[in-house]
Each structure stands twice: as structure tokens, then as C-alpha cells.
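What follows is a set of notes on a single structure, which appears directly below.
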Amino acid sequence: MENLENRIAENIKKVRERIAGAAGRAGRDASEITLVAVSKTKPVSVIEAAYRAGERVFGENRVQELSEKFPVLPNDIAWHMIGHLQTNKVKHVLGKAVLIHSLDNIRLAQTIQEEAQKRDLLCQVLLEVNVAGEDSKFGLPPQGVEEFVRQIAKFDRIRVKGLMTVAPFTEKPEENRKYFRQMKRLAVDISGKNIDNVSMEVLSMGMTGDFEVAVEEGATMVRVGTGIFGERGYH
């Protein structure tokens, strides 16, 4: 276990150094960028090792996993729901996740609004954008984002904090630069519209394979799993 602990601590340190390097190249401050440790499929013991190494922001893809981990891990962890969210699971996420990264349809927004109203909560969300138009991915087409934002702005229990995308998987991170650049332009464009209940302060993009390019192009949040926890599952 000690080896695992050291390895995870070392990995977090390296990822943070790479974020700082990318931020420096872009003339940005590394403190502007939040690292989300993607802990999906990882057992509690492994998350605890990352926690002891100083990590406080964790991302889960599945509601069931989030629900199981939430009560048994320290309560100063900020949990993010980064995976596709079904309407029937919303009630299990509100009150646990501080940010939902994957709002991409009105029906889901309506369910979040109703559930948040019941519990007297405000729910912070990112809008998921399918920036490369991949059939296998969820998300709004870039050209449909502004209209969707204007619809969501009417829900008084939802606060849009920005945008999220999952760029195409590639062996060459540079290939995704154009998509990250497009996302940044989209965020700046929407921010300039001054829509109520909407800010574009968060740009969640970049994962283990391409987060440095994402940071260079304006990401304020990167989602790193393999780069922290390794390829294989730890049990």
C-alpha cells in the first residue's frame, strides 16, 4: 500500500507541474486551473491515498459510485459529476456533487430545476458541448449552445458556470488544439452576451492525454484519471 500511496502522490505532483508548465507557456497563473482527479472505478482506499497527497476535487462518472463513496470519504471533498446524467438519477446527485459537468438537454434541466426546488438548493452546472461532432459522444452542437443557454437561464435553481467538452481520443494532443480553441471562443462569445444566471468562468476540457494543450488554450478545469491513478484498476 505504501508503494501505491507514494506512486499516487508522485503522479499528482507531476500532473500539477505539467499544468503549471502549460499555464506558464500561455502566460497564465497555475492557480487559475482546477485539477479534477477522475476517481471512477477506483476504490475508497485509492481515493484516500490521493486525498492524503492533497487532492480535494474528485470526479465520478456514475451516480451509483458517487452515492457509495460520498458518505464514507472526508466531507471536505468537492465531488464533481462528470459523466452523462440520466433524469431518474438527478435526485441522487443533488446535495452531493458541487458541479454537474454534463447538462445537455432541456428535460434534464427541468428535472434538476424541480429537484432543486424541492430541496431549496441552487445547482451549479456546466453545459456539455460535443465540439468535434462525434456520434459516440453526448453534448450540444457548438452552434446550438447559445440558444440552449438562453433556455436554461430561465431556470432559477440552475446556475450555468461554463462549458465542458470531451475532445476526441488521439495519440497526438496537438490535434485537439483546434477544438479547445473553439471552446474558448464559444465561452468568450457567450460571456459577452451577459445572460442572467449564466457565467462562463469554468471551461472544463482536457484529460490525461491532452490537458497541457487544453490549459494552453484556456481550460480552467482539467479532468485527469489515468495520469494520477495509472492504467490498471487497484483493488
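Quick note: the coordinates plus some simple rules give every number you see, no bench work behind them. Worth saying up front: this structure is predicted, and the values here are computed from it rather than measured. Cβ sites come from the backbone with ideal geometry, for glycine too, and all protein chains shown count toward neighbours.
In the range 87-171, what GluC sites (Glu not before Pro) fall in a loop by DSSP, with at most 15 other Cβ atoms inside 10 Å?
Here the GluC sites (Glu not before Pro) that fit, given the DSSP loop and packing criteria, are GLU134, GLU171.
For the range 74-109 versus the range 117-152, the spacing of their alpha-carbon centroids is 13 Å. Extending 7 Å from the Cα toward the beta-carbon at both ILE106 and GLN64 defines two label points whose distance is 3.2 nm. Packing around the peptides 101-107, 21-27, taken as the average count of other Cβ atoms within 10 Å per residue, puts them in this order, highest first: 101-107, 21-27. Straight-distance candidates among the lysines for linking to LYS118, with alpha-carbon spacing under 29 Å and chain neighbours fewer than 8 residues away dropped: LYS40, LYS69, LYS89, LYS91, LYS96, LYS154, LYS161. Which shape class applies to the range 1-86: rounded if a/c is under 1.5, otherwise prolate when a/b exceeds b/c and oblate if not, where a ≥ b ≥ c are the square roots of the Cα gyration tensor eigenvalues? Cα axes put the range 1-86 in the oblate bin. Cα convex hull, the range 131-235: 124 Å³ per residue, rounded to a whole number. Comparing the range 2-229 with the 2.2 N^0.38 Å rule of thumb, its C-alpha radius of gyration ratio is 0.98 (two decimals).
What relative contact order, as a whole-number percentage, does the chain give when Cα pairs under 8 Å and 6 or more residues apart are counted? Could the numbers behind the result be given before it?
Working: 441 pairs, mean separation 49.3, N = 235.
The value is 21 percent.
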